[in-house]
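First up is the structure itself, then whatever we jot down about it.
The values are calculated or read from the model by the stated rules, or taken from the named source; none is laboratory data. The structure presented is a predicted model; accordingly, all values stated were derived computationally and were not measured. Backbone-built Cβ (ideal geometry, glycine too); neighbour counts: all protein chains shown. In case anyone asks, the SASA skips ligands and DNA or RNA and just uses the protein heavy atoms, side chains included. Shrake-Rupley method; radii C 1.70, N 1.55, O 1.52, S 1.80 Å.
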Amino acid sequence: MERTDLGRIVAFTDGVMAVAITLLVLNLEVPDVPGDDLGDALVDLIPSLIAYLLAFALVGRFWVIHHRLFETLRAFDSRLMTLNLTFLTLIALVPFSTNLYDQYTEEPIAVAVLGVTLGLAAFTHWLAVVYTLRHGLVHEQHRSATEPVASPVGLGFTALFLFSVPVAFLSPTAASLMWVATILLHYPLGRLKSRGS
């Protein structure tokens, strides 16, 4: 059964993502050291700050693409709600996965956990886009703009996250750079998609 009161879903989704982003900063602890050692302690915080900024950027990117999807919808149904809740479940895990990654940056399993979390979130969102298009939940005037997101290029970001998982066991740094690439590559690929449409 289709419904059209999208506002409650969007508000709930925004709330969950805002909490997830807020929890990320809790991984940064104010150093408890003598004043003379504060400079060194702040330098020691740089890896944690980098992990925070990376996770913030990725969750922020997820929020943007999710927001754009829901702007195009004319209605929703229970299956889309289930996909959305699954997506939010994974987003809510990002602070834990990021904290694990921050504390064990050189441990492949910690890097892999964050990669799996991000990859499954991206895949779930991609499935949601495909579902909305196949079931006519997108406004017709937005269909052409939404279809590229459901394309193999859109799935490519999911593949990059998931491929970072085995890469993590060869080089945790390389896996982390693959996540950065999903942010940097989004803009040129987005331009290519818009030219194609």
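Things to note:
- Solvent-accessible surface (1.4 Å probe) assigned to L69 amounts to roughly 10 Å².
- Listed residues A112, L83, A51: farthest to the positive end of the dipole of the chain (Cβ charges): L83
- Residue by residue, region 46-59 carries 3J(HN,Hα) couplings of 4, x, 5, 5, 5, 4, 4, 4, 5, 5, 4, 5, 5, 5 Hz when phi is fed to the Karplus relation 6.51 cos²θ - 1.76 cosθ + 1.60 (θ = phi - 60°); x denotes Gly or Pro.
- Its DSSP H runs of at least 4 residues, each contributing -39,500 (n - 2.57), put the calculated 222 nm mean residue ellipticity of the chain at -26500 deg cm²/dmol, to the nearest 500.
- In this rough spin-label picture, where each label sits 7 Å from Cα along the Cβ direction, the T105-R61 distance is 1.9 nm.
- Both radii come from the Cα set of region 23-73: Rg as radius of gyration, Rh as Kirkwood radius; their ratio Rg/Rh reads 1.27.
- Annotation for region 21-121: GluC sites (Glu not before Pro) lying in DSSP loop with at most 14 further Cβ atoms inside 10 Å of their Cβ are E29, E106.
- Neighbours of D14 by Cβ distance under 14 Å: Lys/Arg scored +1, Asp/Glu scored -1, total +1.
- In the context of the full set of protein chains, the chain has a per residue accessible area of 55 Å² (1.4 Å probe).
- The charge dipole of the chain, taken about its Cα centre with unit charges on the Cβ atoms of Lys, Arg (+1), Asp and Glu (-1) only, comes to about 1380 debye.
- Figure note: I46, I91 ranked by solvent-accessible area, largest first, 1.4 Å probe, ligands and nucleic acids not counted: I46, I91.
- Förster-model FRET efficiency, 35 Å R0, L45 and R8, C-beta, rounded to 0.05: 0.35
- Trypsin sites (Lys or Arg not before Pro) restricted to DSSP loop in region 63-158 with at most 15 other C-beta within 10 Å: R74
- Only Lys, Arg (+1) and Asp, Glu (-1) charged, at Cβ; region 1-45 dipole about Cα centre in debye: 540 debye
- Scaling against 2.2 N^0.38 Å puts the C-alpha radius of gyration of region 1-40 at 2.22.
- The chain, accessible surface, carbon-and-sulfur percent (1.4 angstrom probe): 66 percent
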